[in-house]
Amino acid sequence: MDWSGNMLGLNEKLMKLEGQGKKIHASIVGAGQMGKGMVSQMMLMKGIIPALVVDIKIEHAIKAYENAGLSKDEIKFVESLEKAQYWMEMGKYVVTDNVEIAAKAEGLDVVIEATGVPEVGARVAMDAIGSKKHIVMLNVETDIVIGPLLKKLADNADVVYTGSAGDEPGAVKELYDFADALGFEVRVIGKGKNNKLDYGCNPDTVLEEANRRGVSPKMLTAFKDGTKTMVEMTAMSNATGFVADIRGGHGPSANVAVLPEIFRLKEEGGILRQYGVVDYVNGVAPGVFVIVTSRLPEVNREMQYLSMGPGPNYVLYRPYHLCSLETPLSAVKAVLDHQSTIVPLGAPVSETIAIAKKDLKAGQYLDGIGGYTVYGTIESAIRAKECGALPLGLINQKSLLKQDVKKGEIITYDMVALDQDSLILQLRKLQDRLL
């Protein structure tokens, strides 16, 4: 079941903007695989343009525009805010390695963060909110650590803070909203996974595959060691109140047809201890799903008539998510409708906590997401707090281990000397005090 009801009418609104000679001006931070695709997709849309692209490697930002069909004389490299504003007013497309320009340049309506780096995401989001610009986070890694605080700050500034359409949490939220609006009881939400779990993998072990597929070794590591799935499930949890049934989720192997049977309570022949859970499934990638039921017989009769299965649980399934190609829709919704795609409900419901990828020694520096030392798993925020578990997104290359840690052990706050100059750490401390 594909549902994109939240996007109804956006094409007409964009066409109207275009007809008036107006365009939404967006800046994009991060011109990796996701950023490049987003720039090209946005160039095909009416009523919006990727006015400015930021990347620490300028050649990546330039390539993003060239891949979208722009010539070299249409692209201008700048190092200052003033030059950025000048060339945008002249109708040129701007590239820079100065991340501050993405949020602070006048004439920009919305900032899209697409680096996947927690620290960078925190900085860009804060700059955007401080500059009274809407912020779209194609950076779930930041959102799951300080999203509640960023949402509160954005609300106070009367701008939109939002996750991205097309990313799996956003795609799940569309299905959830559809089912919830219709009065179904939503029992399970989830996503597919298409990489076999390998908790011990690192950028070296995946290098050959990464080169073959044309992706970053760090990004591929984060997919294969399960971290990316756990991060996405945490965002889904924080936006709906659903939790993992067990730490890390069940992660069964299945096809779509059997999901309503698998995701039942144990006493009903399924695998669950409770309903209201988020999970992942090997075998339905790249899709997302929700499991629903209804208490009224007439609804169940019609669901059965519509070939939705025998019940009482039914699966609503979207067989695709278009990642960054859909992100511009969230930017449009934020600017035109002042509406978010997916945001945390309040204080964290779940955390992605850090687990030792191998035996680690005191005095060793950790490295964070997609690296050699740690991977992430989903845990309820209550249990994470009880055991002092360290959120994975707070770890960077300046995080010093104070004691030996065994492979598979939870890394706690008291085991690590964290980088006190880290903005995301300071914001997390503030969030913990406020929420």
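The values are calculated or read from the model by the stated rules, or taken from the named source; none is laboratory data. If you're wondering where the values come from, they're calculated on a predicted model, not measured in any experiment. Note that we place each Cβ from the backbone using ideal geometry, even for glycine, and neighbour counts take in every protein chain shown. Just the protein is used for accessible areas: all its heavy atoms, side chains included, with ligands, DNA and RNA removed. Shrake-Rupley method; radii C 1.70, N 1.55, O 1.52, S 1.80 Å.
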Would you pick out the residues in the range 266-277 that are exposed (fewer than 15 other Cβ atoms within 10 Å of the Cβ) and within 15 Å of T293 (Cα to Cα)?
E268, Q274
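Go through G309, G346 for me and flag whichever is touching a residue at least 60 places away in the same chain (Cβ under 8 Å), open to solvent by 10 Å² or more (accessible area, probe 1.4 Å) and either assigned to a loop (DSSP other than H, G, I, E, B) or touching a Phe, Trp or Tyr at 6+ places or on another chain (Cβ under 6 Å) (or both). Step through it out loud before you land on a result.
Numbers: G309 fails: touching a residue at least 60 places away in the same chain (Cβ under 8 Å).
None of the other options fit; the residue is G346.
Look at the range 182-227 and say how many of its residues are within 25 Å of P312 (Cβ to Cβ) and touching a residue at least 24 places away in the same chain (Cβ under 8 Å).
Residues that pass the stated criteria total 10.
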Between a first residue in the range 46-62 that is closer than 29 Å to G19 by Cα and touching a residue at least 60 places away in the same chain (Cβ under 8 Å) and a second residue that is assigned to a strand (DSSP E or B) and not basic (K, R), which pairs have beta carbons less than 6 Å apart while being 6 or more apart in sequence or on different chains?
I48/I24
For the range 177-186, indicate whether the set of residues that are among the acidic types (D, E), under 28 Å from H25 (Cβ atoms) and either touching a strand residue (DSSP E or B) at 6+ places or on another chain (Cβ under 6 Å) or outside any helix (DSSP H, G or I) (or both) is non-empty.
no
Based on what the data block shows, is S330 among the polar types (S, T, N, Q) and not in a loop (DSSP other than H, G, I, E, B)?
yes
Is it the case that the range 352-368 has a residue that's surrounded by fewer than 22 Cβ atoms within 10 Å (Cβ to Cβ) and within 19 Å of the chain's Cα centre (by Cα)?
no
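In the range 257-306, what residues are β-branched (V, I, T) and in a loop (DSSP other than H, G, I, E, B)?
I271, V284
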Cβ contacts < 7 Å: first residue farther than 10 Å from P348 by Cα, restricted to the range 146-157; second residue outside any helix (DSSP H, G or I) and modelled with pLDDT of 95 or more, any location; separation 6+ or different chain. Result?
L150/Y161; K151/Y161; K151/V343; K151/P344; A154/I135; A154/V160; A154/Y161; A157/K132
